[in-house]
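Written below as structure tokens is the structure these notes are about.
The values are calculated or read from the model by the stated rules, or taken from the named source; none is laboratory data. A quick note: this is a predicted structure, and the numbers were derived from the prediction, not measured. When we count neighbours, we look across all protein chains shown, and the Cβ atoms used for this are built from the backbone with ideal geometry, even at glycine. Quick note on the areas: whole protein, heavy atoms, side chains included, nothing else; ligands and nucleic acids left out. Shrake-Rupley method; radii C 1.70, N 1.55, O 1.52, S 1.80 Å.
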Amino acid sequence: MMQLTSANVQLNARAANKAEAIRQVGNVLVAGGYIAPDYIESMLGREQQANTYLGNGIAIPHGMGKDRHLIHKTGIAVLQVPDGVEWNPGETVNILVGIAAKSDEHLSILANLMEVLEDPAIAQHLARTNNPNEILTRLGRLRSDDSAPAPPVAAWTDALSGEVRVLNSAGLHARPATAFIEIANQFAAEIRVTYGDKVADGKALVSLLKLGVEHGVTISIAARGPDADAALNALITTVEVGLEEEAEEEKQSAETFVWTPVSSGRSIAGVAASPGLAIGPLYQFKHSQLLIKDNPQDQDTEKRQMHEALEIAREQLNDVYESVKARSGRSEAAIFRAHQALLDDPDLVAEVYTLIENGHSAAWSWRRAITDRVVEVQKVQDERLAGRAVDLHDVGQRVLRLMVAVDEEEQALPEEPVILIAEDLTPSDTARLDPKRTLGFCTAAGGPTSHTAIIARSLDIPAIVGAGAALLEQASGTVCVLDGGAGKLYVEPSSADLESARQSQGELQRLRDAEYQTRYQPALTTDGHRVEVVANIGRASEAEQAVNAGAEGVGLMRTEFLFLDRATPPTEEEQFEAYTTMTRALNGLPLIIRTLDIGGDKALPYLALPAEDNPFLGVRGIRLCLRRPELFIPQLRAIYRASMTGPIKIMFPMIATLEELRAAKEVAEQVRHELGVPPVEIGIMVEAPSTVMMAKEFAQEVDFFSVGTNDLTQYALAIDRLHPVLAKHVDGLHPAVLRLIDLTVRAADSAGKWVGVCGGIAGDPRGAMILTGLGVTELSMSIPSVAAVKARLRQVSLLQAKRLAEHALACVTATEVRELPIG
């Protein structure tokens, strides 16, 4: 029989809320070797399904049946909270009995707990005792025989009775007993249940639990009253087929949202930029025409006008930056810091003043200098950089509007909500959009990874980009349906289509609400396979947001955001504080920190990095860190120090060769040795095809892999993922990419290592299913995607996911993969 010892009892605890109390009692179980840390999340998830409060200040938090694989051995832990913690409104708990039930050994202790429940004085005493032995004696002793038994069945001369074997895996505990009582209460007959020499009232939960009925034993059920025969048959049948197991069949979320038009009307296809469904009239957005004349006044006046325009533009950009940062986060707002930096370009400003001195107006000189630079950037062979010409143009127009008149007023959106269409929208245009009046937008140009698309997603505005010139031929006022997830604009839909789309909008909202309500439930497939769903974050405050959204940890902390938007690198102490803020918010959940990944599409103003013909193939990621130890070593020191405050793993970015990995590990080990701290798990990003082809060798030297599908896709397909024209072809579900992931998982499995994915397809419910089928065990995604992905995975079995993955690997195009049925 399982014994309750003093190591299982924690007295005089304090907890701010129920979740904190559950985590504390869960940690006692972890420390005793009874459960894996992840089981604590299952205990929290149980609270979303059922109330574990028993009464008299006692609660029995426990995990869900599907997570029993996380239980190492059966155990019970007791947490005493003398000041109490609110469990539910009107319910205060002083004693938490945390349960890890792998077998039936805990039932005798629960039977003793039922006696405490029947005596409020004992419960109050145990809530304040400073002697753990009193709790041990009360809960851990063998059942005494001093309690008066219920009337024996034999005394019921007119009773009907029958025997039945209990098949529930954990016996007749709280949830199955509740199900038994619910059936019994449907009948007028009195019910008695006998197990061994103990008899219980079949309509009283406490009485039933005191029986201590275990799995596989036989009980006797007796019924007496006018409908005894029907009651007895119903109860025996209920026990035979199996009383409700704990969450063995969780309620599934609504079906994955898909809208299909009723009729085959006209549509314009583009590239999906931000998901969602919008219904409303079109409104074509056109930029104002600026009237620029080269009629200068004196040089001093023109220079003063130029200076004042630049100052006001800086202030405007700072306001836009702060507004977008407040709504969407610093990473989405960073583009406006870059716009400010363009205003401070000394060569640009010097050229403008030279043109003024040569007899031109300030406005003409500014337009000339900006135009020249836009043309130069558009000619750059690096298509990603060429695509940034829109940012230069945006900055140029902002300053010009401060210096010259316009031939028409700046366009204001209509009062009624509309779907915007435009040639393109600059980041400033997008940031100014009012979500209350902007149902969605569709642009003729642009790509899904543009800053405009990123801001649209952060504002939760459905959007399509790259729809082509035909878009601009549509008349304002035309009612359309915009499907941002499918990348299609349906023009002049039928009445049936409009009604169908409106119904789908309601279904989508219902789906999102259902997903949110179950966000803390684990991503457990219908046949019991667990997938960790974690979040990608870029700043310390997002760690708490991730937990609140249902994430089970952080699978990718992009540390480069600590280095951006500043004039100097962050100090070791600043980084340490940021990382420890995250570990505190995560409260024991895992945190994977990716070391600085600068280069390619990310640059730091205080790093004088030489220009490269193709920065994506140059000094970026780990290559930069190894060349700049003054950045790398302080970061590693901060990470290792923070690892003493919570479970942290280190991940190196853009590892392409074993030599790079070994060099990085050598630096890390030197830092760890100097600090005298324990080792942490070290993994790598799988982003280069060379890493995949050498995955077997890499697996011998790392603890885990995390596949960065965004970069892996662009390197595998030889298409810049930020290319303004080709970006629509960069799809992480391309069979070539999926086959690379498959090779990675196989190599990792052979070495006993795990594989996660932190790229874009991990946050796509379809992608999540395929990755699960390939054997990926951790999916890391943007915070808003967590609830939807977890809900989707709970709807399918691992077998279904494997079959879908097999079909996907056999496809030859990304389109074929996306058309595979997933229901």
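Of Leu804, Leu799, Leu820, which residue is assigned to a helix (DSSP H, G or I) and either within 10 Å of Ile770 (Cβ to Cβ) or among the polar types (S, T, N, Q) (or both)?
Among Leu804, Leu799, Leu820, only Leu804 is assigned to a helix (DSSP H, G or I) and either within 10 Å of Ile770 (Cβ to Cβ) or among the polar types (S, T, N, Q) (or both).
The conditions are (1) β-branched (Val, Ile, Thr); (2) touching a helix residue (DSSP H, G or I) at 6+ places or on another chain (Cβ under 6 Å); (3) within 17 Å of Leu511 (Cα to Cα), and Val786 fails exactly one of them. Which is it?
Unmet for Val786, out of (1) β-branched (Val, Ile, Thr); (2) touching a helix residue (DSSP H, G or I) at 6+ places or on another chain (Cβ under 6 Å); (3) within 17 Å of Leu511 (Cα to Cα): (2).
So if I check each of Leu712, Leu771, which one is under 30 Å from Glu666 (Cα atoms) and in contact (Cβ under 8 Å) with a residue 24 or more places away in the chain?
Of Leu712, Leu771, the one residue that is under 30 Å from Glu666 (Cα atoms) and in contact (Cβ under 8 Å) with a residue 24 or more places away in the chain is Leu712.
Go over the candidates Asp731, Asp720 one by one and state the one that is in contact with an Asp or Glu (Cβ under 8 Å, 6 or more places away or on another chain), acidic (Asp, Glu) and not in a helix (DSSP H, G or I).
Every option except Asp720 fails the conditions.
Could you tell me whether Ala748 is touching a residue at least 12 places away in the same chain (Cβ under 8 Å), open to solvent by less than 10 Å² (accessible area, probe 1.4 Å), among the small types (Gly, Ala, Ser) and assigned to a helix (DSSP H, G or I)?
The answer is yes for Ala748.
Are any of the residues in segment 66-77 modelled with pLDDT of 85 or more, open to solvent by 10 Å² or more (accessible area, probe 1.4 Å) and closer than 16 Å to Gly45 by Cβ?
The answer is yes, given that some residue of segment 66-77 is modelled with pLDDT of 85 or more, open to solvent by 10 Å² or more (accessible area, probe 1.4 Å) and closer than 16 Å to Gly45 by Cβ.
State whether one or more residues within segment 689-702 are closer than 30 Å to Ile464 by Cα, open to solvent by less than 10 Å² (accessible area, probe 1.4 Å) and either modelled with pLDDT under 95 or assigned to a helix (DSSP H, G or I) (or both).
no
Test Gly555 against the criterion of being in contact (Cβ under 8 Å) with a residue 40 or more places away in the chain and either surrounded by 19 or more Cβ atoms within 10 Å (Cβ to Cβ) or under 23 Å from Ser263 (Cα atoms) (or both), and give yes or no.
Here the answer is yes, as Gly555 does meet what is asked.
May I ask you to verify whether Ser274 is of a type in the set (Gly, Ala, Ser), buried (at least 19 other Cβ atoms within 10 Å of the Cβ) and at pLDDT 75 or above?
yes
So which residues in segment 516-529 are within 12 Å of the chain's Cα centre (by Cα) and at pLDDT below 90?
Result: Tyr516, single match.
What single numbered condition from (1) closer than 17 Å to Met43 by Cα; (2) in contact with a Gly (Cβ under 8 Å, 6 or more places away or on another chain); (3) outside any strand (DSSP E or B) fails to hold for Val533?
(3)
Out of Ile633, Ile639, Ile650, which single residue is under 25 Å from the mean Cα position of the chain (by Cα) and in a helix (DSSP H, G or I)?
Selected residue: Ile639, the only one of Ile633, Ile639, Ile650 that is under 25 Å from the mean Cα position of the chain (by Cα) and in a helix (DSSP H, G or I).
Give me a count of the residues in segment 304-324 that are open to solvent by 60 Å² or more (accessible area, probe 1.4 Å) and at pLDDT below 75.
Qualifying residue count, segment 304-324: 2.
What are the residue pairs meeting all of these: first residue in segment 298-323, first residue closer than 29 Å to Asn358 by Cβ and part of a helix (DSSP H, G or I), second residue acidic (Asp, Glu) and open to solvent by 70 Å² or more (accessible area, probe 1.4 Å), Cβ atoms under 7 Å, and 6 or more apart or on different chains?
The qualifying pairs are Gln299/Glu357.
Residues that are touching a strand residue (DSSP E or B) at 6+ places or on another chain (Cβ under 8 Å) and of a type in the set (Asp, Glu), at least 1 per element: which strands (runs of 3 or more DSSP E) completely within segment 179-237 meet that?
190-195, 198-201
Going by the structure shown, is Arg23 open to solvent by 20 Å² or more (accessible area, probe 1.4 Å), among the charged types (D, E, K, R) and in contact with a helix residue (DSSP H, G or I) (Cβ under 8 Å, 6 or more places away or on another chain)?
In short, yes.
Answer yes or no as to whether Leu232 is at pLDDT below 85 and hydrophobic (A, V, I, L, M, F, W, C).
No; evaluated as a whole, the condition is false for this residue.
Looking at Ala21 and the list (1) modelled with pLDDT under 75; (2) of a type in the set (A, V, I, L, M); (3) part of a helix (DSSP H, G or I), which single condition is not satisfied?
So Ala21 meets the others, but not (1).
Against the conditions (1) under 43 Å from the mean Cα position of the chain (by Cα); (2) open to solvent by less than 20 Å² (accessible area, probe 1.4 Å); (3) at pLDDT 85 or above, where does Val164 fall short? Just the number, please.
In the conditions (1) under 43 Å from the mean Cα position of the chain (by Cα); (2) open to solvent by less than 20 Å² (accessible area, probe 1.4 Å); (3) at pLDDT 85 or above, Val164 misses (1) alone.
Residues to consider are Leu743, Leu809, Leu717, Leu799; find the one that is open to solvent by 30 Å² or more (accessible area, probe 1.4 Å) and in contact with a His (Cβ under 7 Å, 6 or more places away or on another chain).
Answer to the check: Leu717.
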